[in-house]
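Worksheet: one structure, shown below.
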């Protein structure tokens, strides 16, 4: 664990030294928050989504985030164009299939993307990942659906990671990350994280920043989720009496911007496995 923490801090500081360019085709709901998180963490965000320019923008990026939270036909076209260019250039891709089971349009779009683009990490909540693996036929609770991933379901998630040759990161009350062989479970974070819209999308930004300095995508996913959980805890502890979600969100951004110089010694709630 000491080596893990040492490497984690190395990556935190390396992101700030490199100031990676993160190209994000993300949703309109959380776009501004994602850009702020990326900047606060040490990255340089570009939120280009017009299909006429995304190929050119992706070419200069260090990492690519693809998010289907507010989809339309043009958005899916742009995602495909950027994804193919990223594959051509060896640029890591973080894919967030937001609300994939909400509509047939999203389902078809995600299938189309995964058939044509090699993603590095798929990050989603339990319901989204369950839908992709075929465990559940639909999502009737919306994009923030909360569910539990049991052991048998996790085996299907590991199978998905092997089939797509990527890392699958499942966020929820407990977070699971696997590359089909290794896995890690994280039981950290704050109750307030689920009360702020877009924290999952923001986590993808953290992963994208890490992917520019760390070649092991399993660790990239772990570092991204761990960062959001740790910063959520710090943000909640900083709340004073009478302060709520709005102040928590401000504290969260502060914690993200200062984590590289914050002493973290408590690494409880992290379970590795092979």
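The values are calculated or read from the model by the stated rules, or taken from the named source; none is laboratory data. Fair warning: this is a prediction, and the values are worked out from it, not measured in the lab. Heads up, the Cβs are rebuilt from the backbone with ideal geometry, glycines too, and the neighbour counts pull from every protein chain shown.
One residue stands out among those in segment 224-265 that are in a loop (DSSP other than H, G, I, E, B) and within 17 Å of residue 210 (Cβ to Cβ): the one that is modelled with the highest pLDDT, which is 262.
Within segment 39-67, residues that are at positive phi and in contact (Cβ under 8 Å) with a residue 24 or more places away in the chain reach no partner that is surrounded by 24 or more Cβ atoms within 10 Å (Cβ to Cβ) and in a loop (DSSP other than H, G, I, E, B) with beta carbons closer than 9 Å at six or more positions or on different chains. Of the numbered conditions (1) touching a residue at least 60 places away in the same chain (Cβ under 8 Å); (2) in contact with a helix residue (DSSP H, G or I) (Cβ under 7 Å, 6 or more places away or on another chain); (3) outside any helix (DSSP H, G or I), residue 29 fails exactly one; give the number of that condition. Just one mismatch for residue 29, condition (2).
Listed by first and then second residue, the pairs with beta-carbon distance under 7 Å, at least 6 apart or on different chains, first residue in segment 208-227 and within 13 Å of residue 169 (Cβ to Cβ), second at pLDDT below 95 and crowded, with 24+ Cβ neighbours inside 10 Å, are 225/171; 225/175. State which residue is nearest to residue 123 (Cα to Cα) when the search covers only segment 39-70 and only residues that are out of contact with any helix residue (DSSP H, G or I) (no Cβ under 8 Å at 6 or more places or on another chain) and outside any loop (DSSP other than H, G, I, E, B). My answer is 39.
Only one of the numbered conditions (1) crowded, with 21+ Cβ neighbours inside 10 Å; (2) not in a strand (DSSP E or B) is violated by residue 123, and that is (2). Restricting the first member to segment 179-190 and to residues that are buried (at least 18 other Cβ atoms within 10 Å of the Cβ), and the second to residues that are assigned to a loop (DSSP other than H, G, I, E, B), the beta-carbon pairs closer than 6 Å and six or more apart or on different chains are 188/269. Yes or no: segment 69-80 includes at least one residue that is crowded, with 24+ Cβ neighbours inside 10 Å, under 18 Å from the mean Cα position of the chain (by Cα) and at pLDDT 95 or above. There is at least one residue in segment 69-80 that is crowded, with 24+ Cβ neighbours inside 10 Å, under 18 Å from the mean Cα position of the chain (by Cα) and at pLDDT 95 or above.
Inspection of segment 146-166 finds a residue satisfying the criterion of being modelled with pLDDT of 95 or more, assigned to a loop (DSSP other than H, G, I, E, B) and touching a strand residue (DSSP E or B) at 6+ places or on another chain (Cβ under 9 Å).
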